[in-house]
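Before any comments, here is the structure.
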Amino acid sequence: MTTLHLRDLTKEYGPRRAVDRLTFRVPPGRVTGFLGPNGAGKSTTLRLLLGLDRPTSGTATLDGRPYAALRDPLRHVGALLDTEAPHGARTGRDHLRVLATSNRIAARRVDEVLAETGLGEAARRRVRTYSLGMRQRLGVAAALLGDPAVVLLDEPSNGLDPEGIVWMRALLRRLAAEGRTVLVSSHLMNETASFADHLVVLGRGRLLADTPLREFVDARVRPRVRVRTTDPAALVAALARHGLAAVAHEDGHWTVDDARVDDVGRVASDARVPLLELSTEAGTLERAYLDLTAADTEFAARPQEV
């Protein structure tokens, strides 16, 4: 099992610091979501991890070794950074065969990963005829080719259809369950919430959060109860007596911040207020993420007027 370890990792391009003294670990056995606004430094960090760029200072290692020191690196680290990397004139199978040969990987693995990624029937087609989703699957196949202990994926759900997205979620969970180290960069908050156990969040090249996903959300989104009743006045009065405030919404439901379903239900029951709906409005990763990164978004559009 392999742990990724970044220590004071810094990358400067002239006067601009793209990565600013990053320090965090990515251990095996879980899926770590790698988040941040555009320009936060995620892609640069992945390139530094893979030896595609050299840090200005600091280190990025896999169990103490830099990527450049690995022999047959595809057998240790599988990565998907660029779906345009394969030569368009090659077939999907030939692309993987070249990678396998150069990394001393058994030829049988080519057909195994083609089947695993759903590309078996398209293996003899030229890559230039592939859709974006098929290129994405080919990139994942290349990442898995060496049966690596570490898997780094940048926007792996990009271009996938609904079936492909469900497949990707299951794949990521399986890789982590097998004890691999899985780091996934994404801009899709709801999708990340469906597979990630832990989050590393960047903003302007700095580390903003390194925490379990559920703790990240719960720490930033207030608990809220959604309730609907035939007697709003009685409900509002009963809640007020217990120090709880209800807010009305246009469609007729009410929300109670900083409350639990049990509390609101008990208050309504004691006051004999009939309820038509009572549920928790769970905090979402998207809300928590936007709350954290609002001040660190380099390219932000003006809010739309409604």
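Summary of values
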| item | result |
| --- | --- |
| Those residues of the range 185-203 which are under 8 Å from the mean Cα position of the chain (by Cα) and of a type in the set (A, V, I, L, M), in sequence order | L188, M189, A193, A196, L199 |
| T32 being free of Cβ contacts under 8 Å to residues at least 60 places away in the same chain, in the same structural domain as T10 (by TED's automatic domain parsing) and outside any loop (DSSP other than H, G, I, E, B) | no |
| When residues of the range 139-170 are limited to those that are assigned to a loop (DSSP other than H, G, I, E, B) and within 13 Å of the chain's Cα centre (by Cα), the one surrounded by the most Cβ atoms within 10 Å (Cβ to Cβ) | P156 |
| Selection count, the range 60-93, where residues are loosely packed, with under 14 Cβ neighbours inside 10 Å and either in contact with an Asp or Glu (Cβ under 9 Å, 6 or more places away or on another chain) or polar (S, T, N, Q) (or both) | 2 |
| Residues satisfying the stated conditions in the range 1-51, i.e. modelled with pLDDT under 95, touching a helix residue (DSSP H, G or I) at 6+ places or on another chain (Cβ under 8 Å) and of a type in the set (D, E, K, R) | none |
| Hey, R287 more than 30 Å from G179 (Cβ to Cβ), under 28 Å from the mean Cα position of the chain (by Cα), in contact (Cβ under 8 Å) with a residue 40 or more places away in the chain and surrounded by 13 or more Cβ atoms within 10 Å (Cβ to Cβ) or not | yes |
| Selection within the range 234-256 - buried (at least 19 other Cβ atoms within 10 Å of the Cβ) and small (G, A, S) | A238, A246 |
| Top-ranked residue of the range 104-124 - restricted to ones that are out of contact with any strand residue (DSSP E or B) (no Cβ under 6 Å at 6 or more places or on another chain) and among the basic types (K, R), ranked as surrounded by the most Cβ atoms within 10 Å (Cβ to Cβ) | R109 |
| Residue list for the range 106-115, restricted to those being in contact with a helix residue (DSSP H, G or I) (Cβ under 7 Å, 6 or more places away or on another chain), at pLDDT 95 or above and not basic (K, R) | V110, V113, L114 |
| Inter-residue pairs, beta-carbon under 6 Å, first within 11 Å of V225 (Cβ to Cβ) and in the range 242-259, second crowded, with 18+ Cβ neighbours inside 10 Å and not aliphatic (A, V, I, L, M), 6+ apart | A246/W254 |
| Out of T83, T91, T101, T129, sole residue that is closer than 28 Å to T45 by Cβ and either in the same structural domain as V182 (by TED's automatic domain parsing) or of a type in the set (V, I, T) (or both) | T83 |
| For F34: the one exception among (1) more than 24 Å from R135 (Cβ to Cβ); (2) touching a strand residue (DSSP E or B) at 6+ places or on another chain (Cβ under 9 Å) | (1) |
| Helices (runs of 4 or more DSSP H) (entirely within the range 171-272) containing at least 3 residues that are over 30 Å from V113 (Cα atoms) | 213-220, 232-241, 261-270 |
| Options T23, T45, T61, T101; residue that is without any contact (Cβ under 8 Å) to a residue 12 or more places away in the chain and not in a loop (DSSP other than H, G, I, E, B) | T101 |
| Residue within the range 67-89 that is without any contact (Cβ under 8 Å) to a residue 24 or more places away in the chain, of a type in the set (K, R) and over 30 Å from D111 (Cβ atoms) present | no |
| Answer from G164, G159, G146 - the residue that is touching a Gly at 6+ places or on another chain (Cβ under 7 Å), assigned by TED's automatic domain parsing to the domain that holds E191, under 23 Å from R71 (Cα atoms) and not polar (S, T, N, Q) | G146 |
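Residue-by-condition table, conditions (1) modelled with pLDDT under 95; (2) of a type in the set (G, A, S):
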position	(1), (2)
L152	no, no
S157	yes, yes
T181	no, no
G205	yes, yes
P223	yes, no
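The values are calculated or read from the model by the stated rules, or taken from the named source; none is laboratory data. Note that the coordinates shown come from a computational prediction; the quantities given were computed from them, not determined experimentally. Here Cβ is always computed from backbone atoms with ideal geometry, including for glycine, and neighbour counts include all displayed protein chains.
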